[in-house]
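Heads up: the structure comes next, in structure tokens.
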Amino acid sequence: MKVTAKAHTNIALIKYWGKRDEGLILPTNNSLSVTLDGFFTTTSVEFKPDLTKDSFLLNDEEVEGEQSIRVTNFLNLVRELAQEEVYAEVKSINAVPTAAGFASSASGFAALAAASSKAIGLNLTDTELSRLTRQGSGSACRSIFGGFAEWLQGVEADGSDSYAVPIAPKEHWDIRVAAVVLSSKMKKVSSRSGMKRTVETSPFFKGWVESIPADLEGIKQGILDKDFEKVGEIAEANCLKMHATTLGANPPFTYWLDTTMAVMQTVQQLRSAGIPAYFTIDAGPNVKVLYLPEHEAKIQETLQHIPGVTEVKLSRVGQGITYLEDEELV
Ligand code: FM0
């Protein structure tokens, strides 16, 4: 049976940055994200007895190398769970720039997990699906849910209590996110290797982990109260703390470019001018700006005029996993 699933990316307001178990992908802290409707991956999976290996097409092109190994490793987990030994044909369409800090792996692995687990006959609950998805890419486990979701780090060595839970549905709060795309796109240090180097060498990592519980408590209250200033201030500060840990790593690194800082300064200037806007940045140079619907025109206009910015993509809060009935990619 061919199954097609659609998953949206998410942007972390409290970042996942550090693993306690690299194989099972278990984090050193809880994280919290908002799912975005503007950026998504649609994936179809069909397990076929006549195949001699998995095949993976991304945006109609055959993928090989590290990316295809990650897909096969993930499918191995799905086969193990289902006790099946059959290879799969995987086709993905990614409406997200890859490897540019747009968490493309999040929507990618969430869609892959949903489509493959269903195609092989597993009937997983959202919690089980989130736990499985986590083992493809950590941040992806939050994309099972729409709206606002928290990934519970868990304490068990086998990862059984490490999965995402919904905090508030997308209908709860209409906040917006502008994804600011910079002309220079490729990141040099992947999030996976960047967080590993940080955990192993940065003296600031301990402080980062210790600061998380207070940020989480504050932001969850802010989301429930729809207190935009509170949520924005905590998210921006949390992002800056995460990026500070990379400067303390050995060798040190940063994901920021000059234009990244120009966008950050513009956001701060917007606030000085009375427009509530806050930034957050993942493991890449692009910036996401949080704002309220009534300021959309001004936000868009201001951001796209920053030199070095190629595109500003606006997004609302998105939904969780959906399955497409016609079995075709859209
Ligand atoms: O999304 O090694 O999921 O919480 O995006 O595949 O588990 O790609 F800013 C960084 C994403 C980390 C923060 O890490 O790593 C966040 C980040 P994996 P991911």
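The values are calculated or read from the model by the stated rules, or taken from the named source; none is laboratory data. In this text the structure is predicted, and so the values were computed from the model without any measurement. Here Cβ is always computed from backbone atoms with ideal geometry, including for glycine, and neighbour counts include all displayed protein chains.
Quick notes on this one:
- Flag if Leu24 is under 28 Å from Glu200 (Cα atoms), assigned to a loop (DSSP other than H, G, I, E, B) and within 11 Å of the ligand (Cβ to nearest atom): yes
- Scanning segment 131-182 for residues that are crowded, with 19+ Cβ neighbours inside 10 Å, out of contact with any Leu (no Cβ under 9 Å at 6 or more places or on another chain) and charged (D, E, K, R) turns up just one, Lys170.
- Some residue of segment 111-134 being assigned to a loop (DSSP other than H, G, I, E, B), within 12 Å of the ligand (Cβ to nearest atom) and farther than 21 Å from Ile14 by Cα: no
- Considering segment 1-19, and only residues there that are over 28 Å from Leu57 (Cβ atoms) and either small (Gly, Ala, Ser) or away from the ligand (no atom under 12 Å from the Cβ) (or both), the residue that is surrounded by the most Cβ atoms within 10 Å (Cβ to Cβ) turns out to be Ala12.
- Among the residues making up segment 28-39, those that are modelled with pLDDT of 95 or more and either touching a Pro at 6+ places or on another chain (Cβ under 7 Å) or buried (at least 24 other Cβ atoms within 10 Å of the Cβ) (or both) are Ser31, Leu32, Ser33, Val34, Thr35, Leu36.
- Among the residues listed as Glu89, Glu150, the single one being modelled with pLDDT of 95 or more, away from the ligand (no atom under 13 Å from the Cβ), acidic (Asp, Glu) and not assigned by TED's automatic domain parsing to the domain that holds Phe279: Glu89
- Criterion applied to Ala244, Ala237 was being touching a residue at least 24 places away in the same chain (Cβ under 8 Å), more than 23 Å from Pro169 (Cα to Cα) and more than 18 Å from the chain's Cα centre (by Cα), and the one residue passing it is Ala244.
- On inspection, Leu75 passes the criterion of being crowded, with 21+ Cβ neighbours inside 10 Å and of a type outside the set (Val, Ile, Thr).
- Wholly enclosed strands (runs of 3 or more DSSP E) of segment 274-330 bearing at least 2 residues farther than 30 Å from Glu89 by Cβ: 277-280, 287-291, 309-315
- Within segment 184-208, the set of residues being at pLDDT 95 or above, part of a helix (DSSP H, G or I) and surrounded by 16 or more Cβ atoms within 10 Å (Cβ to Cβ) comprises Gly194, Met195, Lys196, Arg197, Thr198, Val199, Phe205, Trp208.
- Boolean, Tyr291 is aromatic (Phe, Trp, Tyr) and within 30 Å of Leu129 (Cα to Cα): no
- Residue match in segment 177-188 (condition: within 14 Å of the ligand (Cβ to nearest atom), in contact with a Lys or Arg (Cβ under 6 Å, 6 or more places away or on another chain), on the phi < 0 side of the Ramachandran plot and not small (Gly, Ala, Ser)): yes
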